[in-house]
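The values are calculated or read from the model by the stated rules, or taken from the named source; none is laboratory data. Note that the structure is predicted; figures quoted are calculated from it, not measured. All Cβ positions, glycine included, derive from the backbone under ideal geometry; neighbour counts span all protein chains shown.
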Amino acid sequence: MGSNSPFAQDTDLTKLEPIFAKYADMAKGSLIPVLQACQDAYGFLPYKAIEAIAKRLAVPISQIYGVVTFYAQFRLVPRGRHVIRSCQGTACHVRNSARILESLKTTLGISPGGTTEDLKFTLETVACIGACSLAPVMMIDTDAHGRLRPDRIPKILDSYPN
């Protein structure tokens with residue numbers, strides 16, 4: 001499995017103890033707050049942490065996965081240090097955002113929703129960034145990059161630190 005597989009993580013379960021202490025009296029009704037706190041602690045929901053939560057709350061792992069995969073806020077794999085949001089809205093689409101997305105996919109070697117093996121970048125698509133006058137546009141963390149051309153993508157990505 002890849003290094004960012006949720007099953008390949010070396011998880012320090014001591015981060016869960018304060019979470020379990022905080023929600024000790026809530027039992028099964030505390031599943032979502034416990035998952036949220038766990039994700040805050042780890043940045044995602046590692047498999048070993050999900051196993052520990054299932055055991056502590058006496059909830060089947062399948063039920064936890066049902067919750068985690070239903071709500072978009074939960075992640076089963078770590079996100080990159082930098083999150084790229086490629087706009088696919090109408091103004092960007094008209095100005096060839098598909099070519100920008102292709103350049104991102106090729107340069108990074110991942111598809112939307114993926115994270116690079118070195119955990120540097122996560123690639124996401126969004127319906128609209130709200131910077132239509134800069135179309136096509138992408139955001140990296142809080143930085144907007146507009147009037148993009150596919151050939152500019154590698155240089156922009158190289159400007160972000162590891």
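Summary table
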{"read-out": "Check on Arg75, over 15 Å from Ile140 (Cβ atoms) and either surrounded by 15 or more Cβ atoms within 10 Å (Cβ to Cβ) or among the acidic types (Asp, Glu) (or both)", "value": "yes"}
{"read-out": "Test: Leu76 is over 23 Å from Gly43 (Cα atoms) and either part of a helix (DSSP H, G or I) or not acidic (Asp, Glu) (or both)", "value": "no"}
{"read-out": "Output for the range 53-70, where each listed residue is without any contact (Cβ under 8 Å) to a residue 24 or more places away in the chain and part of a loop (DSSP other than H, G, I, E, B)", "value": "Pro60"}
{"read-out": "Residues of the range 22-56 satisfying the condition of being at pLDDT below 90 and of a type in the set (A, V, I, L, M)", "value": "Ala24, Met26, Ala27"}
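A quick yes/no check of all residues on (1) among the basic types (Lys, Arg); (2) within 17 Å of His82 (Cβ to Cβ); (3) part of a helix (DSSP H, G or I); (4) in contact (Cβ under 8 Å) with a residue 12 or more places away in the chain:
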{"position": "Thr107", "(1), (2), (3), (4)": "no, yes, yes, yes"}
{"position": "Ile110", "(1), (2), (3), (4)": "no, yes, no, yes"}
{"position": "Glu117", "(1), (2), (3), (4)": "no, yes, no, yes"}
{"position": "Glu124", "(1), (2), (3), (4)": "no, yes, no, yes"}
{"position": "Gly130", "(1), (2), (3), (4)": "no, no, no, no"}
{"position": "Ala144", "(1), (2), (3), (4)": "no, yes, no, yes"}
{"position": "Arg147", "(1), (2), (3), (4)": "yes, no, no, yes"}
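Rundown of residues vs (1) among the polar types (S, T, N, Q); (2) outside the structural domain of Asp143 (by TED's automatic domain parsing); (3) within 19 Å of Arg152 (Cα to Cα); (4) touching a Phe, Trp or Tyr at 6+ places or on another chain (Cβ under 8 Å), yes/no style:
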| position | (1), (2), (3), (4) |
| --- | --- |
| Ala58 | no, yes, no, no |
| Leu76 | no, yes, no, yes |
| Val94 | no, no, yes, no |
| Ser97 | yes, no, yes, no |
| Glu102 | no, no, yes, no |
| Lys105 | no, no, yes, no |
